[in-house]
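Have a look at the structure below before the remarks.
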Amino acid sequence: MGLAAKNKITGEIIYIYECADPRSELKKDELECHLCGGELIIKAGFTRIKHFAHKPNSPCSCDYDRHPESYEHLFFKRLLASEIGKEYREYLGAKPRLEYPIHEVKRIADIVFEFPNGWLVAHEVQLSSITIEDLENRTNDYRNAGIDIIWWLGKSADTRKNREWLFENYGECYTLDWKAVNKNTAKDD
């Protein structure tokens, strides 16, 4: 599942969360996967975050390294894409690009902020368990493609070892707390 699709006619990347009512705003025959060109459907029920999905029995045919994403993962991608520019002045002119393909290393970055001068910074949300070796490999892939990376760890990925390794080797790491965000969201309703 994903937050981005491509308009077949215009080539424009569409982010579903920018649509108040995606089924009435978007024409289903004009949507395709921005990675493989496959046909997409809109999932916008009452209990799950709205997203695009490939038609049943039609998985994404791209050979990029990607995995299914949870509701929490999609939520944090959207939250970071919309809030980082508000919180950090250096991001004011940067455009967030969700599910950004990095062709050189066949990876899909959760969010890439594209700065006017061409500088790219990936922000990766990691909620499931990950080894230090996998963190290192993924970080090196981004860096080899000329893209800086910032990690946001939550749930089972937010371990002392992972945080320490990221701080020692890259100088920064941020954490995400689903329970705190969910609790604050529930109070606002």
Study note, to complete from the structure: Of the residues in segment 13-34, those that are within 16 Å of K55 (Cβ to Cβ) and acidic (D, E) number 3
Revision key, fill the gap. Pairs returned, first residue in segment 19-30 that is farther than 15 Å from L3 by Cβ, second residue that is among the polar types (S, T, N, Q) and not in a helix (DSSP H, G or I), beta-carbon separation under 6 angstrom, 6 or more apart or interchain, are E30/N7
Study note, to complete from the structure: All-but-one check, G45 against (1) of a type outside the set (A, V, I, L, M); (2) at pLDDT below 80; (3) in contact with a helix residue (DSSP H, G or I) (Cβ under 7 Å, 6 or more places away or on another chain), failing number (3)
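Here is a yes/no grid of residues against (1) touching a helix residue (DSSP H, G or I) at 6+ places or on another chain (Cβ under 9 Å); (2) assigned by TED's automatic domain parsing to the domain that holds V112; (3) in a loop (DSSP other than H, G, I, E, B); (4) surrounded by 14 or more Cβ atoms within 10 Å (Cβ to Cβ):
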| position | (1), (2), (3), (4) |
| --- | --- |
| T10 | yes, no, yes, no |
| Y17 | yes, no, no, yes |
| D29 | no, no, no, no |
| H34 | no, no, yes, yes |
| G37 | no, no, yes, no |
Review point. Say we look at segment 81-137 and pick out the residues that are hydrophobic (A, V, I, L, M, F, W, C) and under 22 Å from E164 (Cα atoms); which of these is surrounded by the fewest Cβ atoms within 10 Å (Cβ to Cβ)?
Key: I132
Check your understanding: Got a sec? Which helices (runs of 4 or more DSSP H) wholly within segment 96-189 have at least 1 residues that are more than 24 Å from L3 (Cβ to Cβ), touching a Lys or Arg at 6+ places or on another chain (Cβ under 9 Å) and modelled with pLDDT of 90 or more?
Key -> 132-144
Check your understanding: For segment 76-88, does any single residue satisfy the condition of being within 26 Å of F52 (Cβ to Cβ), part of a strand (DSSP E or B) and touching a helix residue (DSSP H, G or I) at 6+ places or on another chain (Cβ under 6 Å)?
Key -> no
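Listed here are the residues, each with its yes/no results for (1) surrounded by 12 or more Cβ atoms within 10 Å (Cβ to Cβ); (2) without any contact (Cβ under 8 Å) to a residue 40 or more places away in the chain; (3) small (G, A, S).
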position: D141; (1), (2), (3): yes, yes, no
position: A145; (1), (2), (3): yes, no, yes
position: K161; (1), (2), (3): no, yes, no
position: K179; (1), (2), (3): no, yes, no
Exercise for review: With the condition kept exactly as written, say whether any residue in segment 58-76 is at negative phi and modelled with pLDDT of 90 or more.
Suggested key: yes
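The values are calculated or read from the model by the stated rules, or taken from the named source; none is laboratory data. Quick caveat: nothing in here was measured; it's all calculated off a predicted structure. Backbone-built Cβ (ideal geometry, glycine too); neighbour counts: all protein chains shown.
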